Amino acid sequence: MNLPCFCPVLLLALQASLLSSSMAESPQDRTQETYLQCLIDSSDPSSPPISPLAFFPSNPSYSSVLRSYVRNLRFNSSTTPKPLFIVTPTHVSHIQASVVCAKIHGLELRIRSGGHDYDGLSYVSPAPFVIVDMFNLRSVDIDAEGGTAWVESGATLGEVYYAIAARSGVHAFPAGVCPTVGVGGHLSGGGYGNLMRKHGLSVDNVVDAVVVDANGRVLDRGSMGDDMFWAIRGGGGASFGVIVSWKIKLVSVPEVVTVFKVEKTLEQGATDVVHRWQYVADKVDERLFIRVVLLPVVRKDQRTVKAKFVALFLGGADELLDVMSQSFPEFGLEPKDCLEMSWIESVLFWSNYPKGTSPNVLLQRIPESEKFLKKKSDYVQEPISKVGLEGIWNKMMELKRPALTLNPYGGRMSEISDSETPFPHREGNIFKIQYSVTWKEEGDEALNQNLNRIRSIYNHMTPFVAKSPRSSYLNYRDTDLGINQIGNESYSEASIWGTKYFKANFDRLVQVKTMVDPNNFFRYEQSIPCMSSWPSRMAE
């Protein structure tokens, strides 16, 4: 990939002149014309004009552009802080201009690719801020013969899967099962899905990237260096720059895969099957991924818990039945439960589309419905006893709404070193839990009630999950774990949430941040801090 020309002398001169003219003004005092002129002056004149791509509150399209990628209704109210303007780049020069102008005018920069960040950090800030929304940069260039692809950060996973399947029936990419998730955030936080036991995480299959750094430079893997390339593959790209595009390595899949979806309630023996699943799911054939979704439900006026087992096997039904009969006979899988299909059809199956649905639906960028939501996560390293599971069921039925999704590890995940990428949750983890609560009712009462529900089940799970630290998955952003005090970041405070996401890799991320963004331009509530906030270590 050819990188665009960048002229640091020109931009530094522009920065100096505009900075001197705006020192006395607050961001709120400056006019739309001031910001827009900065964007125009800072853009490459040979690139498409930036003016039509900048949306200010006076623009009739401002609200629709802002809301179109808000995936959590908690952050779509009249009181939610709004950006001073939104830039929707179609060229890397527009990103460079956005970075330069945000620095000149003292604005925070939020980067949005799909809007699925659970706590809204890509499009909300308490300080004056702007949004760079990547949705126009969504090309997917497949090299089926070479087994790679260049994917821009604004593409969705659905668009990536569609493009791969259009070129090859035996290639795939290991990433998430929700097709409307944006590539930029998903890959920079790790990225997992139902191919992870065979092929690892998304970031384990990234071979290059293009980034705009805090100085407006356009860098690839060679020019950014090994440390920054390591950091953006699981350390949260928005701490280090704007990821423009990723070069990914495609993986091989058979022409025929097999899926199943089987539900069991407590009355149908779910406790025994879930208990046994813990001993099998991370050790079974690495081609098999069995997710468990646990839901409190009401059946015949009685509260119970339903366990929904959803699986993908990279092979035919007969072989899957053999694997299950040998490794997990207690499950009782039957031939009628198994559906053979292509890999792209399995993507649709996992997205709950009926059999026969056209893959064209993967090109739809907007989910069918949006909800208020809150999510949290944990890792489990020792099987939970049946007594422990029964206590969890009782808590879920008491709370009525939280759902737990259990995703198995093992296989390829146990073969990769904890320090290979910033994502450290590898060997020793049986499964990950996602806690989820969603609701449709507006207002503070519903909000507080549902936040209390998910926090209550999370607290109940304390004895059963990983400790020292109690770990979490970065892409399930959870500000309950702690936040930075913007403008007064502290290593000690950041390490509270940082070690949960990154464990021992957190300190290296701080070192890389200090090297590539020493002035902490790319900052938000859970961004990696610089070493200047590390006084106790610096004194040693």
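Tabulated results
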quantity	calculated
Residue within the range 67-77 that is more than 30 Å from D444 (Cβ to Cβ) and assigned to a strand (DSSP E or B) present	no
Within the range 479-490, considering residues that are open to solvent by less than 50 Å² (accessible area, probe 1.4 Å) and closer than 27 Å to L201 by Cβ, the one nearest to the chain's Cα centre (by Cα)	T479
Matching residues in the range 390-405 - criterion: being open to solvent by 10 Å² or more (accessible area, probe 1.4 Å) and within 23 Å of the chain's Cα centre (by Cα)	A403, T405
Residue in the range 337-357 that is without any contact (Cβ under 8 Å) to a residue 40 or more places away in the chain, more than 31 Å from the chain's Cα centre (by Cα) and not assigned by the TED database to the domain that holds P174 present	no
Residue match in the range 302-309 (condition: under 31 Å from the mean Cα position of the chain (by Cα), over 19 Å from G388 (Cβ atoms) and crowded, with 20+ Cβ neighbours inside 10 Å)	yes
Whichever residue in the range 370-384 is open to solvent by 60 Å² or more (accessible area, probe 1.4 Å) and over 19 Å from the mean Cα position of the chain (by Cα) and, among such residues, is farthest from V274 (Cα to Cα)	Q381
Counted residues, the range 33-52 - those being closer than 17 Å to V99 by Cα and either assigned to a helix (DSSP H, G or I) or open to solvent by 70 Å² or more (accessible area, probe 1.4 Å) (or both)	12
Residue among V293, V298, V387, V323 that alone is closer than 30 Å to S77 by Cβ and open to solvent by 10 Å² or more (accessible area, probe 1.4 Å)	V293
Those residues of the range 218-233 which are touching a Leu at 6+ places or on another chain (Cβ under 7 Å), buried (at least 24 other Cβ atoms within 10 Å of the Cβ) and not in a helix (DSSP H, G or I), in sequence order	none
Output for the range 414-455, where each listed residue is among the hydroxyl-bearing types (S, T, Y) and either surrounded by fewer than 15 Cβ atoms within 10 Å (Cβ to Cβ) or in the same structural domain as G193 (by the TED database) (or both)	S417, S419
Pairs where the first residue, in the range 266-282, is assigned by the TED database to the domain that holds V292 and the second is in a helix (DSSP H, G or I) and at pLDDT below 95, C-beta under 6 Å, 6+ apart	none
Any hit, the range 515-531, residues being among the polar types (S, T, N, Q) and on the phi > 0 side of the Ramachandran plot	yes
Filtered residue count, the range 174-192, keeping only those that are in a loop (DSSP other than H, G, I, E, B) and under 19 Å from V244 (Cα atoms)	6
Per-region count, the range 379-403, residues aromatic (F, W, Y) and assigned to a helix (DSSP H, G or I)	1
Residue that is under 22 Å from R477 (Cβ atoms) and either at pLDDT below 95 or of a type outside the set (D, E) (or both), where the choices are N136, N76, N59	N76
Elements of type strands (runs of 3 or more DSSP E) in the range 277-360, at least 3 residues being among the aliphatic types (A, V, I, L, M) and farther than 24 Å from A172 by Cβ	288-299
Within the range 143-173, tally of residues that are open to solvent by less than 20 Å² (accessible area, probe 1.4 Å) and in a strand (DSSP E or B)	4
Residue check, Y476 closer than 16 Å to A238 by Cβ and buried (at least 19 other Cβ atoms within 10 Å of the Cβ)	yes
Hits in the range 193-217 (condition: open to solvent by less than 20 Å² (accessible area, probe 1.4 Å), among the β-branched types (V, I, T) and outside any helix (DSSP H, G or I))	V206, V210, V211, V212
Pair list, Cβ under 7 Å, 6 or more apart: the range 218-245 residue under 18 Å from S122 (Cβ atoms), other residue among the charged types (D, E, K, R) and open to solvent by 10 Å² or more (accessible area, probe 1.4 Å)	V244/E152; S245/E152
Filter result (surrounded by fewer than 16 Cβ atoms within 10 Å (Cβ to Cβ) and in contact with a helix residue (DSSP H, G or I) (Cβ under 7 Å, 6 or more places away or on another chain)) within the range 57-81	S58
One residue from S495, S532, S468 being open to solvent by 50 Å² or more (accessible area, probe 1.4 Å) and part of a helix (DSSP H, G or I)	S532
Residues (in contact (Cβ under 8 Å) with a residue 24 or more places away in the chain and out of contact with any Ser or Thr (no Cβ under 7 Å at 6 or more places or on another chain)) located in the range 286-304	E286, R287, L288, F289, I290, V292, L294, L295, P296, R303
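The values are calculated or read from the model by the stated rules, or taken from the named source; none is laboratory data. Just so it is clear, the structure is predicted and the values come from calculations on it, not from any experiment. Glycine gets a Cβ as well: all are built from the backbone with ideal geometry, and neighbour counts include every protein chain shown. We work out accessible area using only protein heavy atoms, side chains counted, and drop any ligands, DNA or RNA first. Shrake-Rupley method; radii C 1.70, N 1.55, O 1.52, S 1.80 Å.
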